[in-house]
Structures are given as structure tokens and as C-alpha cells.
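Colleague: Structure below; questions to follow.
The values are calculated or read from the model by the stated rules, or taken from the named source; none is laboratory data. In this text, all values refer to a predicted model and were calculated from it rather than measured experimentally. Ideal geometry is used to build each Cβ from the backbone, glycine not excepted, and the neighbour counts take in all protein chains shown.
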Amino acid sequence: MSIDPTRRKPAGLGRGLSALMGEIDRISVGEPQGQNIRMLSIADIKPHPEQPRRHFDEDKLDELAQSISERGVLQPIVVRRLGTGYQIVAGERRWRASQRARLHEIPAIVREFTDTETLEIAIVENIQRADLNAIEEAQAYHKLTKDFGHSQEELGKLVHKSRSHVANLLRLLDLPESVRDDVANGALSMGHARALITAPDPQALAADVIRRGLSVRETEQLARLSKPKGEGAPRGAKAAPAPDADIAALERQLGDMLGLSVRIANDGEGGVVSLAYSSLDQLDMICQRLSGEKI
């Protein structure tokens, strides 16, 4: 598919999106800077049809609706003008919960965004809040790559993840639809899915993994055993010394969670966990995950 160059991301946009998301996080209703917030009719607001998040936890939505009923909406949503109404750029979960709380209006920041910027912000917001499952995240990356010309490296910088993490997620889209559904609904983790990608029959193996409740490491072993004999290293090649399987599995699991390269050096009694980052934004993300606070 050819890509319209006019739809490519302007240089430096990712940095601007990071600044915008930080601004949104700092604004809460009732604070002095809240003067830029408008109260909009919920009926005039529509969700984005290509919102990357497809699965909303009903129980968590009910909990948020209860909180909104008691305290109101503490953080505004972000919208853009569309026709005679508005389209959600960030904050669909708050909008849905506000409907359940039977509110008629919701605080919002109105900005002008292109289609590309709207999709990018939706992805960044959901990833920062860990709201996307692995398949939703992969589909969002694929959309930005296919339709808007982003490279994997650009996407990594945009969401503060490594390029290899983006590449690993995109590979999940090669799995059969039923296996992708298992990942989307939480029956399989990203680690399970990665192990099944190169299996001869990932669909059958996925059903076996779910039925037996296998761990990621057990799934990796099952996938290796399912391959025809002789498939693997080139003839005559010497196998590299295998690292401790438990440590290697833990490195992959942590890497999947953080989207960064993780290395564990273990001497039997203790050791060192190393997280590789390539930008200050990635370092900020690590600090936020460790502290549970915004930096």
C-alpha cells in the first residue's frame, strides 16, 4: 500500500504529544489552570471509531462510575471538534463511566488535532495507563505503520518503548485470529503468544496451554517440542551455551511488561537487574513504573 506523504507525522510531533499528555495529567478540575476546561454535553460527544482500546472491564467501569457519582470527574477528557459535535481524543473510559453515573455534562479540553495526532494521543494515553492488551497495542502500531508511515523506531520513541518491543508486538498479528482473541481476553499473556508464533500449529497449542494452565516457560518448551526434528540451528552450527531457563523467562516477562531490554545477572545468592533505556523519556517511564507516581 502506498502511503500519502502528507499524512506522515511532522518532525518532533512525538515530543509534543509527550508534553501534551504531561499537561493533561497536571490539570484537574478545580485547579487554577482549569480555566481552559469547558463543560460539554455528554450527548454531543462521540468516541473515536478507531480508538485502539476495544475491551473495557465492566466491573472497573462500574467502580469508576460510582467514584464519579460521589466526587465528580476529577480529570477532564480531551476532545476535538467534529461536525456539529465533538470526538474523543483521550478519556473514553471517563466518558463511558460518566454516562453510567447519569451525568449530563463532562469537563473537557477542546483542541484541534489531525487524524494522525488523534490516533497517536489515544495510543500514548492508553499505553501510559496500561489500558491496552497486547493485541490492541499491536493493532494500534500496525495502523500507525500502515496508514501514517511511522517506522518501528519512531513508534518506540513515541511510546517510550524499545524498537524490539514494538517489533515483537507486531509479530503477534501473524497469529491465527482465535489465538489473538485468547490474548485479547486475557486467557494468554504476551509471553505465551510470543512462544506460539513459530509453532507449527499455534491454534492447537494455544488450546492445550489454556486447558493445562501452562506457564510461559512451559509453553516455550511445548512449542520447541512441537517443531519437526532437525528444525532450528543450521547444520554444523554449535549451539550457544543456554542461559538459565528461569532467568531467561523472567527477563522476557519483565521486558514485555516494560517494553525495554531487561538483563538479570544472578550469582546464585543475589544479582543485578539491568534495564536498558535509550532516552530520558524512557528513563522517566521506568521511574514512574517503580514509584507509581508521575515524574
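Colleague: Among the listed residues P243, P228, P200, identify the single one that is loosely packed, with under 14 Cβ neighbours inside 10 Å, part of a loop (DSSP other than H, G, I, E, B) and at pLDDT 85 or above.
Modeller: P200
Colleague: Moving to a separate point now. Which numbered condition trips up G186, out of (1) under 16 Å from D256 (Cα atoms); (2) in contact with an Asp or Glu (Cβ under 6 Å, 6 or more places away or on another chain); (3) in contact (Cβ under 8 Å) with a residue 24 or more places away in the chain?
Modeller: The failed condition is (2).
Colleague: Given the conditions (1) surrounded by fewer than 17 Cβ atoms within 10 Å (Cβ to Cβ); (2) within 30 Å of S41 (Cβ to Cβ); (3) touching a residue at least 12 places away in the same chain (Cβ under 8 Å), report the number of the one that G83 does not fulfil.
Modeller: Status for G83: all satisfied but (3).
Colleague: So if I check each of R100, R71, which one is basic (K, R) and over 19 Å from I37 (Cα atoms)?
Modeller: Values: R71 fails: over 19 Å from I37 (Cα atoms).
Just one listed residue meets the conditions, R100.
Colleague: Does segment 86-105 hold any residues that are in contact with a Lys or Arg (Cβ under 6 Å, 6 or more places away or on another chain) and surrounded by fewer than 21 Cβ atoms within 10 Å (Cβ to Cβ), and which are they? Walk me through it before giving the result.
Modeller: In the first step, residues of segment 86-105 are kept if they are in contact with a Lys or Arg (Cβ under 6 Å, 6 or more places away or on another chain); the result is 87, 89.
Within segment 86-105, Q87 is the sole residue that qualifies.
Colleague: A further question on this structure: Of everything in segment 176-193, what is under 16 Å from F56 (Cα atoms) and either in contact with a helix residue (DSSP H, G or I) (Cβ under 7 Å, 6 or more places away or on another chain) or basic (K, R) (or both)? Give them in sequence order.
Modeller: D182, V183, A184, A187
Colleague: Report whether or not A206 is hydrophobic (A, V, I, L, M, F, W, C), farther than 25 Å from S151 by Cα and over 19 Å from the mean Cα position of the chain (by Cα).
Modeller: yes
Colleague: Quick check on segment 102-116. Is at least one of its residues within 18 Å of the chain's Cα centre (by Cα) and in the same structural domain as S41 (by TED's automatic domain parsing)? Walk me through how you get there before you give the answer.
Modeller: Step one: list which residues in segment 102-116 are within 18 Å of the chain's Cα centre (by Cα), which gives 116.
If we keep only those that are in the same structural domain as S41 (by TED's automatic domain parsing) too, we end up with 116.
Scanning segment 102-116, I find at least one residue that is within 18 Å of the chain's Cα centre (by Cα) and in the same structural domain as S41 (by TED's automatic domain parsing), so the answer is yes.
Colleague: Let me ask you something else. Would you please name the residue that is nearest to A65 (Cα to Cα), looking only at residues in segment 86-95 that are in contact with a Leu (Cβ under 9 Å, 6 or more places away or on another chain) and modelled with pLDDT of 90 or more?
Modeller: R94
Colleague: Looking at segment 38-61, which of its residues are part of a helix (DSSP H, G or I) and either aromatic (F, W, Y) or modelled with pLDDT of 90 or more (or both)?
Modeller: Just the residues of segment 38-61 that are part of a helix (DSSP H, G or I), to begin with: 42-44, 58-61.
Matches in segment 38-61: I42, A43, D44.
Colleague: Right, here's the next one. Output the helices (runs of 4 or more DSSP H) that fall wholly within segment 76-158 and possess 1 or more residues being under 18 Å from L169 (Cβ atoms) and aromatic (F, W, Y), or say none. Full working, then the answer.
Modeller: Details: elements: 92-100, 115-128, 134-148.
Here the list reads 134-148.
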